[in-house]
Structures are given as C-alpha cells and as structure tokens.
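The values are calculated or read from the model by the stated rules, or taken from the named source; none is laboratory data. This structure is a prediction, so every number in the text was calculated from the model and none was measured. Neighbour counts run over all protein chains shown; Cβ positions are idealised from the backbone, glycine included.
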Amino acid sequence: MATRIPVDTSGAVMSHYLERPPEKLVVEGLRRWMQGCERGSVACWERAASLYAEELGVAEGSRVLGALAHWVATLRTWMDRPAGLSPSECPRLCRDECFAVTMIAACQNHDDDSLSHALGRLVPPEGRGDVVRATRAFADALAETGQILIPVPGAVIREIGSRPCRRQFH
C-alpha cells in the first residue's frame with residue numbers, strides 16, 4: 001500500500017507530514033535558506049545548517065545543505081516572482097512549497113508528470129532545464145542519506161495548481 005500525504009477535511013496538508021525528516025529537511029530548508037537570501041541574514045542560513053546537522057550529522061548535513069543552497073539559488077534565478085513561503089516551523093504548506101516539495105519527491109520517485117506540472121507552476125520554460133538539474137542533484141543528495149520523500153500524486157498537484165493563488169499567506 002502506498003504512503004499518502006495526510007490531508008485534513010479542509011484539504012490542507014496536516015502538520016505531522018512535516019514531522020517526517022525528509023519532508024522537514026526540504027520544506028524547512030527551503031524556508032530558512034530563502035529567508036536568508038531575502039533578508040541577507042546569516043542567522044537564517046545557520047538555522048538551516050543546524051537542522052541539517054541535527055538530522056544528518058555534520059559531514060552529511062553539510063554536503064546535502066550545499067545541494068539545497070544550489071537548488072534554492074537556481075530557483076531564485078529562474079522564478080519570475082517572489083516565492084510564497086510560510087514562516088519557519090509553520091505546520092502547513094502554501095502552494096509554492098507544495099510545488100517545491102513535489103519536485104523533489106517526483107525526482108526521487110521517478111514521476112516525470114508530477115515534476116513537470118510542479119515545475120511549470122514555479123519556473124518559466126527557459127529556466128526549467130537548469131532547475132531540473134539542481135532539483136535532481138538535491139533529491140539525489142537527500143536519497144543518498146536515506147531521506148526519501150512521500151510521492152505526491154499528479155492529480156493532487158494538479159488540483160493544488162488549480163486553486164487561486166493567495167496574495168498573503170499568514
């Protein structure tokens with residue numbers, strides 16, 4: 001039986017999804033690294049580094065954090081708008097976070113349909129090749145440490161993509 005993403009009655013991803021180390025590393029890593037880039041804050045990057053060291057150990061955490069940093073930098077280069085992210089440690093995922101986590105899960109689970117759909121919601125066509133390479137590198141680095149994300153079914157990500165985008169998340 002396949003593992004499913006836990007969703008509450010409103011359709012929101014439930015908080016214990018982010019208690020799984022693979023998803024927590026991707027979502028919290030994305031949030032913290034992006035915040036560091038946007039704010040120019042070393043403290044945000046240090047929080048990301050601490051999370052990765054706690055979950056993976058110092059050596060492996062550092063290596064995987066490098067892949068996260070490259071992935072985030074590549075996303076930032078090609079996104080044509082600011083990423084909509086929830087605050088660190090928020091138990092819910094916003095749309096852009098759903099697309100980002102789907103990209104990693106899709107690479108790890110060989111789901112080109114979900115990868116393509118999520119990628120298309122975040123990155124214009126001319127940047128997709130670069131972003132896919134960075135996404136695969138990060139997904140592989142996580143997988144090498146045993147951090148495999150739950151697959152996100154294509155129907156779920158298409159439904160999330162059909163929802164109107166909110167201007168303010170919190």
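Hey, V72 hits all of (1) in contact with a Phe, Trp or Tyr (Cβ under 9 Å, 6 or more places away or on another chain); (2) buried (at least 21 other Cβ atoms within 10 Å of the Cβ); (3) assigned to a helix (DSSP H, G or I); (4) in contact (Cβ under 8 Å) with a residue 60 or more places away in the chain but one; which does it fall short on?
Result: V72 passes all but (4).
A quick yes/no check of all residues on (1) under 15 Å from V72 (Cβ atoms); (2) modelled with pLDDT under 95:
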residue	(1), (2)
A105	no, no
G120	no, yes
E126	no, no
D130	yes, no
T135	yes, no
A141	yes, no
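In the list R31, R20, which residue meets the criterion of being of a type outside the set (A, V, I, L, M), at pLDDT 90 or above, in contact with a Cys (Cβ under 9 Å, 6 or more places away or on another chain) and under 20 Å from A106 (Cα atoms)? Explain how you work it out, then say what you get.
Values: R20 fails: in contact with a Cys (Cβ under 9 Å, 6 or more places away or on another chain).
Of the residues listed, the single one that is of a type outside the set (A, V, I, L, M), at pLDDT 90 or above, in contact with a Cys (Cβ under 9 Å, 6 or more places away or on another chain) and under 20 Å from A106 (Cα atoms) is R31.
When the residues of the range 75-96 are filtered to those that are more than 16 Å from I157 (Cβ to Cβ) and among the basic types (K, R), which remaining residue is surrounded by the fewest Cβ atoms within 10 Å (Cβ to Cβ)?
Initially, the range 75-96 is screened for residues more than 16 Å from I157 (Cβ to Cβ), giving 75-83, 85-92.
Then keep just the ones that are among the basic types (K, R); that gives 76, 81, 92.
Details: R76: 14, R81: 8, R92: 15.
Among those residues, the one meeting the criterion is R81.
Scan the range 29-65 residue by residue and report those that are crowded, with 21+ Cβ neighbours inside 10 Å and in contact (Cβ under 8 Å) with a residue 60 or more places away in the chain.
L30, R31, L56, V64
Give the residues of the range 99-132 that are free of Cβ contacts under 8 Å to residues at least 40 places away in the same chain and part of a loop (DSSP other than H, G, I, E, B), sorted by residue number.
Result: H110, single match.
So which residues in the range 84-128 are of a type in the set (V, I, T) and over 11 Å from the mean Cα position of the chain (by Cα)? Show your work before the answer.
Let us first name the residues in the range 84-128 that are of a type in the set (V, I, T), namely 101-102, 104, 123.
The one that is of a type in the set (V, I, T) and over 11 Å from the mean Cα position of the chain (by Cα): V123.
Residues of the range 78-98 being closer than 15 Å to R121 by Cα and either in contact (Cβ under 8 Å) with a residue 40 or more places away in the chain or not in a helix (DSSP H, G or I) (or both), which ones? Reasoning before the result, please.
Just the residues of the range 78-98 that are closer than 15 Å to R121 by Cα, to begin with: 78-85, 94-98.
Correct list: W78, M79, D80, R81, P82, A83, G84, L85, C94, R95, E97, C98.
Evaluate the following for A43: is it part of a helix (DSSP H, G or I), at pLDDT 95 or above and more than 13 Å from the chain's Cα centre (by Cα)? Explain how you work it out, then say what you get.
On the way: part of a helix (DSSP H, G or I): yes; at pLDDT 95 or above: yes; more than 13 Å from the chain's Cα centre (by Cα): yes.
Yes, satisfied.
Check F99 against each of (1) at pLDDT below 95; (2) of a type outside the set (V, I, T); (3) crowded, with 21+ Cβ neighbours inside 10 Å; (4) in contact with a Phe, Trp or Tyr (Cβ under 9 Å, 6 or more places away or on another chain) and name the one condition it does not meet.
Evaluating F99 over (1) at pLDDT below 95; (2) of a type outside the set (V, I, T); (3) crowded, with 21+ Cβ neighbours inside 10 Å; (4) in contact with a Phe, Trp or Tyr (Cβ under 9 Å, 6 or more places away or on another chain) leaves (4) as the failure.
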